[in-house]
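Working notes, beginning with the structure itself.
The values are calculated or read from the model by the stated rules, or taken from the named source; none is laboratory data. Predicted model, so just to flag it, every value in this text is computed and none were measured. FYI the Cβ positions are ideal-geometry reconstructions off the backbone, even for glycines, and counts take in every protein chain you see. Only protein heavy atoms, including side chains, enter the accessible area calculation; ligands, DNA and RNA are left aside. Shrake-Rupley method; radii C 1.70, N 1.55, O 1.52, S 1.80 Å.
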Amino acid sequence: MDITIVGAGPRGIAVLGRLLVWQHHDASRPLTVTLVDEFPVGGHVWRTDQSHLLIMNTPAQQLTVFADASVQMAGPQRLTGPDLASWATTETARTFIQQHDYRHQTAFLNDVAHLGSDDYAPRALFGVYLQWALASMTANLPANFQLIQKQATVTEVKRATDGHWLLRATAEQRPADRLILTTGHYLSEPTPEQQHFTEFARAHDAVYVPQQFPGDTDFSAIQPGEPVIIRGVGLSFYDYVTLLTSGRGGTFHRGANGLLSYQSSDKEPQIIAGSRRGFPYYPKGTNQKRYG
């Protein structure tokens with residue numbers, strides 16, 4: 001049996017974990033699993049080289065790719081492991097980070113030393129956790145199991161006449177008995193309005209940033225004090241404000257009254273934000289709930 005998983009993010013890794021458990025339970029038939037993603041393990045959203053300032057919107061203790069006893073599922077025993085917060089407290093986490101040449105290695109080591117269970121971790125750190133999780137899951141492969149990892153872009157999927165799947169990934173076509181799509185977040189084609197904005201910006205030597213993952217955004221062309229319009233005040237709004245303020249050297253300071261004040265770096269642009277609602281959504285503050 002040949003199974004291809006398209007997407008090496010949290011969902012793809014969790015699915016791979018279940019396949020490993022089943023193969024450990026019954027290894028009578030050979031199983032080959034191919035894990036394909038355009039980006040390294042962790043996928044696009046959780047890239048380890050993105051800005052360390054971009055954080056998750058779920059507390060660290062509620063993030064995991066392992067299933068504990070509270071999860072009702074069919075099949076054999078579970079592949080257990082720590083959540084992000086618990087993993088961060090282990091020497092294993094520190095050693096794993098030190099063994100890899102991460103762009104934010106020093107920051108990651110500081111993260112795992114101070115990450116609390118209710119803290120919001122950097123997205124890049126979750127990418128490190130996902131890479132460790134996959135390495136941990138595959139450290140002892142079951143019998144008759146082969147794992148193939150490919151960093152490639154799947155551009156076409158079609159069903160063959162014999163019922164198999166054919167995938168085209170970076171000029172290579174490969175068959176699969178079963179296909180599992182775990183692509184998670186993805187980008188859609190530009191709308192006519194977005195295409196118009198792009199053309200307008202090009203014609204007037206302006207900067208237009210289309211809808212994309214904030215970790216992919218390059219704001220280097222935006223000059224200090226330059227007016228910047230942010231359309232929409234949802235999740236990405238906070239990311240963009242962070243990149244345009246703290247990302248340019250601005251800092252927060254807590255006063256004697258407990259309130260935060262912002263110290264400008266004088267490198268920020270003038271931010272003009274708007275949306276149909278006209279005001280930002282409430283941010284998540286202190287976590288008061290537990291999973292379950």
Open item on the list: Which count do you get for residues in the stretch 115-156 that are in a loop (DSSP other than H, G, I, E, B), charged (D, E, K, R) and open to solvent by 60 Å² or more (accessible area, probe 1.4 Å)?
Closed with: 1
Task: Contacts under 7 angstrom Cβ, first residue in the stretch 139-160 being without any contact (Cβ under 8 Å) to a residue 12 or more places away in the chain, partner not in a loop (DSSP other than H, G, I, E, B), 6 or more apart - done: 158/166; 159/165
Task: Cβ-Cβ under 9 Å pairs, at least 6 apart or on other chains, the stretch 1-20 side closer than 16 Å to residue 144 by Cα, far side acidic (Asp, Glu) and assigned to a helix (DSSP H, G or I) - done: none
Task: Qualifying positions in the stretch 204-239 - among the small types (Gly, Ala, Ser) and either open to solvent by less than 80 Å² (accessible area, probe 1.4 Å) or touching a helix residue (DSSP H, G or I) at 6+ places or on another chain (Cβ under 7 Å) (or both) - done: 206, 215, 221, 225, 232, 234, 236
- [ ] Those residues that are open to solvent by 30 Å² or more (accessible area, probe 1.4 Å), not in a loop (DSSP other than H, G, I, E, B) and not charged (D, E, K, R), I need them from the stretch 7-31; list them, please.
- [x] 10, 14, 15, 19, 22, 24, 25
- [ ] Looking only at the stretch 74-89, count how many residues are touching a residue at least 12 places away in the same chain (Cβ under 8 Å) and part of a loop (DSSP other than H, G, I, E, B).
- [x] 10
TODO: Considering each of 64, 58, 89, 48 in turn, give the residue that is closer than 23 Å to residue 122 by Cα and open to solvent by 70 Å² or more (accessible area, probe 1.4 Å).
DONE: 89
Task: Test: residue in the stretch 96-103 that is surrounded by 14 or more Cβ atoms within 10 Å (Cβ to Cβ), in contact with a Leu (Cβ under 9 Å, 6 or more places away or on another chain) and farther than 30 Å from residue 28 by Cα - done: yes
- [ ] Test residue 277 against the criterion of being of a type in the set (Lys, Arg) and either part of a helix (DSSP H, G or I) or free of Cβ contacts under 8 Å to residues at least 24 places away in the same chain (or both), and give yes or no.
- [x] no
